[in-house]
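Okay, so here's the structure we're looking at.
The values are calculated or read from the model by the stated rules, or taken from the named source; none is laboratory data. All values reported here derive from a predicted model rather than from experimental measurement. All Cβ positions, glycine included, derive from the backbone under ideal geometry; neighbour counts span all protein chains shown. The area values use the complete protein model at the heavy-atom level, side chains included, leaving out ligands, DNA and RNA. Shrake-Rupley method; radii C 1.70, N 1.55, O 1.52, S 1.80 Å.
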Amino acid sequence: CSERATGNPTGVVILAEAVRDSVCSSAAALIGHPDTAFLWPCESGVWYSKTFSPAESISFCVQTLLASLTVLRRKTGDDRFSFLLGERRVSVRADAEIPDTAWVEAHRSEIRILGEARLNELSDALGADTGVVVDSARKRVYIAMSRDQLRTVRLLPESVAAFCHSAGIH
């Protein structure tokens with residue numbers, strides 16, 4: 001991370017080979033970040049990834065996938081990586097046109113849609129056409145936006161926190 005980094009700290013541990021879940025779980029508890037990814041190479045160009053919070057295993061975590069991309073980019077210089085999460089393959093890529101932006105490419109079947117939960121208010125404020133609240137380990141709000149919208153939107157943490165609190169999203 002850097003001094004200008006914001007958000008929750010996320011751990012990324014690169015291993016030479018697979019280790020037992022109990023080792024990852026204990027290490028995540030010691031590291032103490034909300035999420036820690038444990039990565040090891042499993043085939044050419046593909047990394048196996050397991051994510052743990054200090055208290056539990058997390059099956060799908062966008063935050064650790066993005067953090068893993070950042071760490072591996074610094075290590076290799078590549079802009080795209082594939083990760084195996086159990087049997088699922090997920091691709092993560094840096095956006096060449098928008099600095100500091102990356103994309104997780106997952107099939108819609110991997111994301112459980114919970115409902116809109118006052119999403120119209122947030123979508124209207126952001127000028128977005130659609131959005132969903134999903135449960136992919138923890139509840140998250142995803143809003144579909146064009147590249148132009150992404151370039152212009154800057155969310156203030158306190159405004160997002162206020163919306164999420166009022167919508168019952170934690």
Discussion item. One residue is enough: does region 96-108 have a residue meeting the conditions modelled with pLDDT of 90 or more and part of a loop (DSSP other than H, G, I, E, B)?
Written reply: no
Practice prompt. Go through region 28-45 and give me each residue that's of a type in the set (A, V, I, L, M, F, W, C) and either without any contact (Cβ under 8 Å) to a residue 24 or more places away in the chain or in contact with a Leu (Cβ under 9 Å, 6 or more places away or on another chain) (or both).
Written response: L30, I31, A37, F38, L39, W40, C42
Worksheet item: So how many residues does region 72-95 have that are open to solvent by 50 Å² or more (accessible area, probe 1.4 Å) and assigned to a helix (DSSP H, G or I)?
Response: 4
Discussion item. Name the residue that is nearest to L85 (Cα to Cα), counting only residues in region 25-51 that are open to solvent by 10 Å² or more (accessible area, probe 1.4 Å) and touching a helix residue (DSSP H, G or I) at 6+ places or on another chain (Cβ under 9 Å).
Written reply: K50
